[in-house]
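Report on the following structure.
What follows draws every value from the coordinates through simple rules; no lab data is involved. Quick caveat: nothing in here was measured; it's all calculated off a predicted structure. Cβ: placed from backbone, ideal geometry, glycine included. Neighbour counts: every protein chain shown.
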Amino acid sequence: MTASRPATRRTVLAAALATAATTAVASSAVASPLTVAPAAARAGRRPGDSTVDYHAWTSVPDWRAGTAEGTRVAAGRRPGILIATPAGTTDYTDPHTGRAASWEYATWTSPAHRLPVPASELVASWNAHTPAGTWIRIEMRGTYTDGTDTPWYTLGIWAADDQDIRRTSVDDQGDGKSSVWTDTFAIDDTDGDLRLASYRLRVVLHRAPGTDATPVVWRLGAMGSDVPARFEVPATTPGVGAGIELNVPRYSQNTHIGQYPEYDNGGEAWCSPTSSQMIIEYWGRRPTAEDLAWVNPEYADPQVCHAARFTYDYQYSGCGNWPFNTAYAATYPDMQGIVTRLDSLTDAEHLIRAGIPLITSQSFMESELDGAGYGTSGHLMTVIGFTEDGDVIANDPASDSNEAVRHVYKRRQFENIWLRTKRYDANGRVRSGTGGICYLLFPAKPSPAQRRALRRLGIR
């Protein structure tokens, strides 16, 4: 989303997280970067260089390590879990249609995962197949560093289609210590010592009673992080990605202004699905003609409309739910997607060198990013490469045409607006930054070089 967009969950979350830390950071303002707290190692990385941990369950041993109630493990090329014998029947009234129905269900609960660095935020993501008559609910329960537990929080109610249920986040979840803001679990008071020490994820698989249909969940994971409060981040120098540009298709969100009000009206609201669609097509996947039959034939790039519809969160009333975008990408053959954070543009360069573009989330005033021509309280764009000098080459969907989507942004400016956690708005008020949030969309079977680049970030 870009400058003129009204306040939404993203801007409300930014204000809420910023308020808690405003007093503590105001005196330091933009003087110097804060020291990063020590952190344990991720695979292939030195201890102490990250406060981010991404962990997932994807393999047969992973799935067998969890607690199953009515599910079984499906081995094969892409192991997952599915319904075997339902654990019972439950009623669900869809809050967005009013439709009440009974569903058979089964559950799988992960072992507890202890975070190497206790986290102030957590974002789950998943990859699943939900044929007609099926859907899933993703839940999380954590243990705080004071030894008490969170409630079971719902982090998403999801189906690939929108006929049986409407995919949705769940508002008004909290226990006085933490809250869920659409797709993000967050500690309420990050000035205090309380953090999330460990968590378990649970997926509830649903199907219409008396049928053999079943969801299949291939990947279930979460990113926990405690990125330090900072207005500026340390600068990096050009590295392994310098001079590499990936051939990613270019799509403009602005060519869709006013299209499909029921999916948030196109234009500036569609930065996330437009970015996701660019990367999906980079990997050689795209909707079929049958998939696109519902789109007005007068509209250009109907696949962008398709992406908006099938990432739309009916509670958030928008297409910017991060894990809904990665789950959408994984509905394409042999694709997977996750939400995580990166620590620097150096991390991004390793991905680009391996042929993996990334989708980044950032917020900034127009004066903070030369060449953008706008300011934003939250916007997604794709990083597709680096110039020889190390500047960022981005497909920025906030452009007037597909031909205008490619931009080159100054390395130092881009790095800071993406990785910082605190910023000032045009009125001098402290707001939140995204702290390096990104989507990674990649094949189910990455190449050896791609596996190495992902493993370097703790992703397998």
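Only one of the listed values, (1) 138; (2) 175; (3) 203, was derived from the coordinates as volume of the Cα convex hull per residue in Å³; which label is it? Structure-derived value, by its label: (1). Ranking F231, L369, P86 by how far each Cα lies toward the positive end of the dipole of the chain (charges on Cβ) leaves P86 at the top. Put in order of Cβ neighbour count within 10 Å, fewest first, the listed residues D94, D62, D53 become D94, D62, D53. Note on the range 52-225: Cα convex hull, mean projected area over all directions, 10.0 nm². Sorted ascending by nearby beta carbons within 10 Å, beginning with the fewest, M223, M335 become M335, M223. Once you have a ≥ b ≥ c as the square roots of the Cα gyration tensor eigenvalues for the range 325-368, tell me rounded if a/c is under 1.5, and otherwise prolate or oblate according to whether a/b is larger than b/c. Because a/c hits 1.5 or more and a/b fails to exceed b/c, the range 325-368 counts as oblate. The amide H of S399, built 1.01 Å from its N in the peptide plane, has Q253, N254 as neighbours under 5 Å, considering only residues 5 or more places off or on other chains. Here the mean projected area of the convex hull built on the C-alpha positions of the range 329-454 is 8.3 nm². Listed by chain and number, the aspartates and glutamates placed with their C-alpha closer than 13 angstrom to that of K422 are E232; residues fewer than eight positions away on the same chain are left out.
Working from label points 7 Å from Cα in the Cα-to-Cβ sense, the D175 to N247 distance is 5.2 nm. With neighbours defined as other Cβ atoms within 10 Å of a residue's Cβ, the residues S276, S252 order from fewest to most as S252, S276.
Considering Cα pairs under 8 angstrom that are at least six residues apart, work out the relative contact order of the range 52-225 and quote it in whole percent. Write down the numbers at each step before the final one.
On the way: 440 pairs, mean separation 56.7, N = 174.
The normalised contact order for the range 52-225 reaches 33 percent.
With Cα atoms defining each centre, the range 95-117 and the range 384-405 are spaced 38 Å apart in the structure. Farthest towards the positive end of the charge dipole of the chain, among the residues A453, W135, A186, is the Cα of A453, using unit charges on the Cβ of Lys, Arg, Asp and Glu. Packing here is the average count of other Cβ atoms within 10 Å per residue, and on that basis the peptides 187-193, 423-429, 293-299, highest first, run 187-193, 423-429, 293-299.
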